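The values are calculated or read from the model by the stated rules, or taken from the named source; none is laboratory data. No experiment lies behind these values; they were computed from the predicted model shown. Using ideal geometry, Cβ is built from the backbone for each residue, glycine included, and neighbour counts are taken over all protein chains shown. Calculation scope for accessible area: heavy atoms of the full protein, side chains included, ligands and nucleic acids excluded. Shrake-Rupley method; radii C 1.70, N 1.55, O 1.52, S 1.80 Å.
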Amino acid sequence: MKFTLIALGALAMTAGVGSSAAAQGPDGKAVYVANCLKCHGVTGVPLKETKEQFPKVATFNDPKFVAVHSVDSIVKVLTHGKGEDMKSFKLKLSHDEMVAVANYVRGFGLKTHP
């Protein structure tokens, strides 16, 4: 009986750890790496080849970008795309994932990335 209670307590604590991580929401960096890095680069600076092919591609490490683009405006671009240059991610990412990416991207311009 005592062993069963200890096992149930350990199981409950393990379940709590998983649910608190889930409550924090998606990892913006992981979503960025999987979906955005190819065009926007590791540090928010597009590769030279990308800039040549898509001259208007956003550079995220510029503080001017952060000043002009709110989280909501970035989510809007992710949802609707941007002309022929950027496809919509509305069928690929959840709203919460888009918000996480938007916050992560703004961090480049705010210099909050390690």
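Here are the numbers for this structure:
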quantity	calculated
Unique match (being open to solvent by 30 Å² or more (accessible area, probe 1.4 Å), in a helix (DSSP H, G or I) and touching a residue at least 40 places away in the same chain (Cβ under 8 Å)) among Lys64, Lys51, Lys76, Lys38	Lys64
Residue that is surrounded by the fewest Cβ atoms within 10 Å (Cβ to Cβ) [pool: residues in the range 81-105 that are modelled with pLDDT under 95 and either among the charged types (D, E, K, R) or touching a strand residue (DSSP E or B) at 6+ places or on another chain (Cβ under 6 Å) (or both)]	Glu84
Residue list for the range 23-33, filter: open to solvent by 80 Å² or more (accessible area, probe 1.4 Å) and either within 15 Å of the chain's Cα centre (by Cα) or modelled with pLDDT of 95 or more (or both)	Gln24, Asp27, Lys29
Qualifying positions in the range 79-98 - in contact (Cβ under 8 Å) with a residue 60 or more places away in the chain and more than 24 Å from Leu47 (Cβ to Cβ)	Ser94, Asp96
